[in-house]
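The values are calculated or read from the model by the stated rules, or taken from the named source; none is laboratory data. All of these numbers come straight from a predicted model, not from anything done at the bench. Here the Cβ positions follow ideal geometry from the backbone for every residue, glycine too, while neighbour counts run over all protein chains shown. Heads up: the accessible areas ignore ligands, DNA and RNA and are worked out on the full protein's heavy atoms, side chains in. Shrake-Rupley method; radii C 1.70, N 1.55, O 1.52, S 1.80 Å.
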Amino acid sequence: MFGDIQFAWRAVWSRPVYTLITVLVLALAIGANTTVFSVFNGFFLKPLPYPEDDRLVMVYNTYPKMALEVAGTSIPDYVDRVEHASSLESLAIYHNTRRTLGFVGAPEQVQMTRTTPSLFEVLGVAPALGRVFTDAQSQPGDEKYIVLSHALWSTRFGARPDIVGEDIRLDGEPYTVTGVMPKEFGFPSRDSSAWIPFAYTPDEASDNQRGREYSNSIGRLAPGATIEGLNAEMDTIVQRNVERLPNSASFIERSGFTGRAESMRDMVVGDYKQMLLLLQSIVLAVLLIACANVANLQLARIAARRKELSVRAALGAGRRRLAMLVITESLLLSLFGAVAGLGIAWGGLELVRWLGLDQANRGFEFTLDPIVLAFTALAALVAALVSALLPVWLLLRQNLAQAIQDAGRLGGGGKAAQGLRSTLVVIQVAVSVALLVGAGLLTKSFYALQSEGAGIAAGGVLTARVSLPSTRYADDPAEAAFFERALVELNALPGVSEVGYTSVLPFSGNNDQGSFAIDGYTAPDDVASPHSQQRSIDERYFDTIGVPIIKGRNFAARETDRVVIVDENLANRYWPDGDALGQRITRSQDADGNPIWFTIIGVVPAIKQASLAETPTKETTYWHHLQRPVGRGVFTLKTSLPPESLAPLVSRTILAIDPELPVYDITTMDQRLLESLGPQRTSMVLTLVFAGVAFVLAVIGIYGVLTWAVTQRVGEIGVRMALGARAKDIVRMVVRQGSRLTVVGLAAGIVGAIVLGRTMASQIHHVSALDPVVFSIVIGGLALAAFTASWFPARRASRIDPMTALRDE
């Protein structure tokens, strides 16, 4: 074996061009596979930075009959599960909040997580410094404690070890630091700068707070417990509450309300699973093409070594001995390809991060770790064996003396070798067609989504978020006064034509939903109660984002009556044969229990909220922000200037109104829309890259086969030309050979593309899986490339000197 390795080493370096091409082909394929597997490993195989992470579950409420599969968790539901769900070892409730960190440099809005102390028990992570806050420190009125993230501790407090026990100011109030978390800890994401107690009052935990699901919940399963068992326990809890609160039975029946749990990993990365499986299938196909290319090179190499092989056979070497020489050389080349492929994979992961797929912020890191390196080694081994399979089979199955004789007479390694090489080219072309069609469908779908838009005019709009601290804005008039002044002063900025406000901006990652009632409407027993997304806006918000009023009118600056605007989804659902204008809805009651009615004065189009890929089916209601104050939201500024240039001015304007209130999340509306297509863009770009690699390899395969055939048929071509064949006859003969291979490959590829298109149906939008434009472009482009690859060898063949060819023969 050592001798074989030494010989293979000398052999591969004796032909540097052959070696370079083979290594490059393998490196591209192995690098692509390593890139995708690194992402798959980070999402599904690599342990999360929590002990026994397979026991972590996200617990949430669900209303399946209201098309609300995943809601948050209300405080009373959390309390019920803590007390009655024995499948849970521990459970925590939390939600993100923004607080102003002051008196440590310039005021800064930072994201914090308000949580029960049980969060740290659920996750099984202890602080690196100090301790976490306790249940006693999470009671209303005595909850001014804080645990810092390692990043905040390092950047704003100089990593001082004596920070524990000191007070820092949040929204102007002192909070005592109890501890600092480890550097690698970040939940629910590494954007969380600190954790503060989730203190709730008995009233907030009472039955009248059910349905206020602004928080999330995470739990740890008890040893031996299952998610199915936990779901059954939550169903039982709901039934107990129905017996205890009979008035809730109708709503629970119509909405299908219950609690559900899902693996933390699946909850976070479930949406990526189908995409990653598709990409992994694509790169495996690229590896198959690479193996076919390398196998062709190996067959050509064997044909070139026919004299050497005949001498070895004459001296007693058997077929298996010769096969081992081929396999060893293939393994050595694959090793070089794997090393180069790791470099390509490193660049591929940078591309993945640039595309926005990186989830390291949530604990899912994509690295070339030992598992990935083992996969790379396995891919290299498989590539070596697969690419050597046909050459070895040829050596083992054929009569060696006859094969060598055929090789000398016919060129290219004999008839069997030529047939195998032609078959491999057909496979390469077929797979390339399927991949290119898939990439074309994803690309057309991506641009179709961009062209369709979200139902808004995003161009020239800058957005900036604010969150008013309750300590300084304790009532509705104070909040209203701030927003009114801010809107006036922002509108005075240079280049700004319109300024609006909304409590929830589309494509911002936030949402606000709730039930409401309609005057004179009672939902049938099998139909869910009215439920919609809710937004508080000012009278100029629709103008800033280009949303027209379909019917009725817009809000006025001051509304003396209680009024509301609805979208066409809501209007068409509840008044399909009439007009929603003048109808009344309510979402709350007064102190005497009487409904507070709001009259519908306008109807607007349905707007996409989370992604350009979605179809907006959920109903939406818009309330005047002075009649439904929220205390947080987003300013939208329509400008004729580059929107990004206004960001510093917006920050300074808000700080001039309130020196302790920085704005955050300042970005353009166009950027928000682009980010919403992150998964689609990632699929499109990576598929295009991999399909492009497959296309290049297929064309190289055609060119290589025909070039080698011409080289080996020099004598035959000389005879043909000596007997009167013209140059164009030789060109036609060679091109015909390439055309046959291409046509067969295209036919097989079309079948594969149809199957792939149907598999990708859920990933493509507004495009048919049999889109004739995509198929025509792919088939035409590949046919043209194949003709070009055939023409160059044909042209070279037509220029062969007959006398020289005959003399060499």
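One table, with the values for the structure above:
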{"read-out": "Rounded accessible area of Asp592 (nearest 10 Å², 1.4 Å probe)", "value": "130"}
{"read-out": "Histogram of C-alpha separations across segment 1-88, 10 Å bin width, %", "value": "12, 19, 20, 15, 11, 8, 12, 3"}
{"read-out": "Where only C-alpha atoms are counted, convex hull volume of segment 598-669 per residue in Å³", "value": "154"}
{"read-out": "In range of the label at Ala457: residues from segment 605-638 whose backbone nitrogen is under 20 Å from the point 7 Å along Cα→Cβ", "value": "605-609, 635-638"}
{"read-out": "Helical mean residue ellipticity (222 nm; -39500 (n - 2.57) per DSSP H run of 4+; nearest 500) of the chain", "value": "-17000 deg cm²/dmol"}
{"read-out": "Cβ-derived FRET efficiency at R0 56 Å, Trp346 paired with Asp203, nearest 0.05", "value": "0.50"}
{"read-out": "Theoretical FRET efficiency, 1/(1+(r/R0)^6), r = Cβ-Cβ of Ser154 and Leu277, R0 60 Å, to 0.05", "value": "0.95"}
{"read-out": "Protein accessible area in the chain, 1.4 Å probe - carbon and sulfur %", "value": "58"}
{"read-out": "Chain lengthening between Asn491 and Phe792 when straightened (0.36 nm per residue, less Cα-Cα)", "value": "101.8 nm"}
{"read-out": "5 angstrom amide H check on Gly546, placed H, neighbours 5+ away", "value": "Ala457"}
{"read-out": "³J(HN,Hα) computed for each position of segment 225-231 - Karplus, 6.51 cos²θ - 1.76 cosθ + 1.60, integer Hz, glycine/proline x", "value": "6, 10, 5, 4, x, 5, 4"}
{"read-out": "In Hz, Karplus ³J(HN,Hα) per residue of segment 196-207 (6.51, -1.76, 1.60; θ = phi - 60°; x = Gly, Pro)", "value": "10, x, 8, 9, 10, 8, x, 5, 5, 9, 7, 4"}
{"read-out": "Projected-area mean, segment 195-267, by convex hull of Cα positions, square nanometres", "value": "6.8"}
{"read-out": "Between segment 596-618 and segment 50-64, the Cα center-to-center distance that results, in Å", "value": "31"}
{"read-out": "Built amide H within the under 5 Å cut-off of His531, gap 5+", "value": "Phe516"}
{"read-out": "Set of lysines near Lys144 by C-alpha distance (under 27 Å), chain-local residues within fewer than 8 positions excluded", "value": "Lys183"}
{"read-out": "Share of alpha-carbon pairs per 10 Å distance bin for segment 464-591, given as whole %", "value": "9, 34, 36, 16, 4, 0"}
{"read-out": "Nearest-10 value in Å² for the accessible area of Ser154, using the 1.4 Å probe", "value": "50"}
{"read-out": "Range of Cα positions in segment 537-584 per principal axis (Å), largest first", "value": "31, 26, 13"}
{"read-out": "Solvent-accessible surface ranking, highest first, for Arg472, Arg681 at 1.4 angstrom", "value": "Arg472, Arg681"}
{"read-out": "Probe 1.4 Å, protein heavy atoms only - accessible area per residue of the chain in square angstrom", "value": "43"}
{"read-out": "Segment 207-232 versus segment 247-295: alpha-carbon centroid distance in Å", "value": "22"}
{"read-out": "Label-point separation in nm, Ser515 to Thr759, each point 7 Å along Cα→Cβ", "value": "4.5"}
{"read-out": "Extension reserve of the Tyr447-Ser588 stretch, reckoned as 0.36 nm per residue once the Cα distance is removed", "value": "46.5 nm"}
{"read-out": "Segment 496-567: chymotrypsin sites (Phe, Trp or Tyr not before Pro) falling in loop per DSSP and having at most 15 other Cβ within 10 Å", "value": "Tyr521"}
{"read-out": "Computed label-point distance, nm, for sites Asp266 and Glu52 using a 7 Å Cα→Cβ extension", "value": "1.9"}
{"read-out": "Computed label-point distance, nm, for sites Leu389 and Glu69 using a 7 Å Cα→Cβ extension", "value": "3.8"}
{"read-out": "FRET efficiency estimate (nearest 0.05) - Cβ-Cβ, Phe44 to Leu378, R0 25 angstrom", "value": "0.90"}
{"read-out": "Overall dimensions of the chain by Cα: Rg and Dmax, Å", "value": "34.0, 112"}
{"read-out": "Thr668 long-range amide H proximity, modeled H, under 5 Å", "value": "Thr463"}
{"read-out": "Karplus 3J(HN,Hα) series, Hz, for segment 625-639 with 6.51 cos²θ - 1.76 cosθ + 1.60 (x for Gly, Pro)", "value": "5, 7, 9, 9, x, 10, x, 7, x, 10, 8, 10, 10, 8, 9"}
{"read-out": "Heavy atoms of Tyr50: accessible area, 1.4 Å probe, square angstrom to 10", "value": "20"}
{"read-out": "Unsatisfied cross-links (Cα-Cα over 26 Å) in the set Lys444/Lys638; Lys273/Lys444; Lys551/Lys638; Lys65/Lys608", "value": "Lys444/Lys638"}
